[in-house]
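Working notes, structure below.
Laboratory data are not the source of any read-out in this text; all were calculated from the coordinates shown. Being a predicted model, the structure only gives us computed values, none of them experimental. For neighbour counting, all protein chains shown are included, and Cβ atoms are generated from backbone atoms with ideal geometry for every residue, glycine included.
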Amino acid sequence: MTILMIIHQPSNDLLMKMDGVIVMCKGRVLLEKEVENIGTDFTPAEYVHTILENCNNSKCSTCHPSQPLVRTLDRRDVGSYLSDVNRMSMELIGSIEPKELELQEQNKITRLSPMKHGYVMPWKNIRLRQVQPLVKRMQLENGFGWKDLLVLPACFALITAWLRFESGSPIQVYLATTLFIIVPTITFQPRLIVICNNFRAHAFELEDKRVSSVAFLIASAIFAYGIPVVAIILGHLIGYPILGWEWGTFLVQILFAIGYTTAAIQVGKTLSVAARGDYTKLTRGYVLFIFLSILFSGFFVNVNNVPDSWRWLVYFSLTFWGLSGAVLNQLQFNGNFGEDPCLSFVTCIAFDRNFLARYFGYTPTTTSLLSMLVLLIWLVAFFLIEGFLLLRFSSASPKLNISKKDTKIE
């Protein structure tokens, strides 16, 4: 793990705990060395302070723009420094291809646009070998998340224990299935903060292509989906015995819960990249998306009663497809539901599976198979959109300001 710290008055105690140091003055690099190699007649702190004192000298050509420019800091300087300080990061970071460096230099000279520069054979920068060390780094930075793994099963245990008293009724089937689908998304919404932090922690390495955008896309997906998927499976393993449901619907129910949760998280991941890791900007769009998705899911109002001018919101409601598929699956294959002889015409209608499917508003709009297909389309579509945004982010070159005296990156 590479740690970068800014210090204005370094002491020997602090410097000796570090691997390397960069001394800067007025935006220019005065010193870039490993701490153990700094100074011979002075302590590291004395040597650094001496260099900074010399910076106030008007004759210092490095520190004053009026003098001939000696050296400016660019992205490759800092990137190579980070690689040299942390030797173990070389497995992940690697080096930039020589041909790519030539393209960067050519871009500076000819002032090519970032779009032309960025999309030169992007498949040569995939580097899938970075996926495993990236996942390990994310786990070290954010921890395993035992609390996230246990909170959802605890919620499922409380929900199913409460609905146990409605055994065999359509209320139990509908409410339990709805909560099985919606609760994971609400429970794991705080993980979007972690997703934003992951992007910001790797933004610099993505920009200078030391981390492949494709490798980061795959690694971040594994890290974001891992705990929610395991927690959903554990929660259903607890909830099904409490409710007394048959295990014939278990696999499909799991697939709908995982499909909806991962698709919702993927939407958040895509928005996090679009917001450049700014969680405050992400929250506005994601909360609005989840609110409209749940509002037009059929949980509050029968979607068949929605006016035609608003029907498109139903089709764009991710919750509608996840909830409708799971409920239709339970109504179709739950053997314990509606098998008892009805005592009146009203009870016969109330326990009729087809009537309930229409009453909830899921038929004739959709089927279980169609709902699963739409969830997969949502997941894959936003996965590809995130990949495109990451590719554009890593391909964008900084604006260049080329003058007669010097060349520096603004």
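Summary table below
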| item | result |
| --- | --- |
| Ordering of 235-244, 207-216 by packing [mean C-beta count within 10 Å, highest first] | 207-216, 235-244 |
| Taking Y260, Y174 and counting other C-beta atoms within 10 Å, the order from fewest to most | Y174, Y260 |
| Virtual spin-label span in nm between L370 and D308, 7 Å along Cα→Cβ | 1.8 |
| Efficiency of FRET from Cβ geometry, T280 and N354, R₀ 60 Å, rounded to 0.05 | 0.80 |
| FRET E, pair S169, T43, Förster distance 56 Å, beta-carbon r, rounded to 0.05 | 0.10 |
| In sequence order, calculated HN-Hα J values of segment 227-234 (Karplus, 6.51, -1.76, 1.60; Hz; x Gly/Pro) | 5, x, 5, 5, 5, 5, 5, 4 |
| Cβ crowding within 10 Å averaged over residues, with 375-388, 181-194 ranked highest first | 181-194, 375-388 |
| Cβ-defined net charge surrounding L243, 13 Å radius [Lys, Arg +1; Asp, Glu -1] | -1 |
| Rounded to whole Hz, the Karplus (6.51, -1.76, 1.60) HN-Hα couplings of segment 237-254, x for glycine and proline | 5, 7, x, 4, x, 5, 6, x, 6, 6, 7, x, 9, 5, 4, 5, 4, 4 |
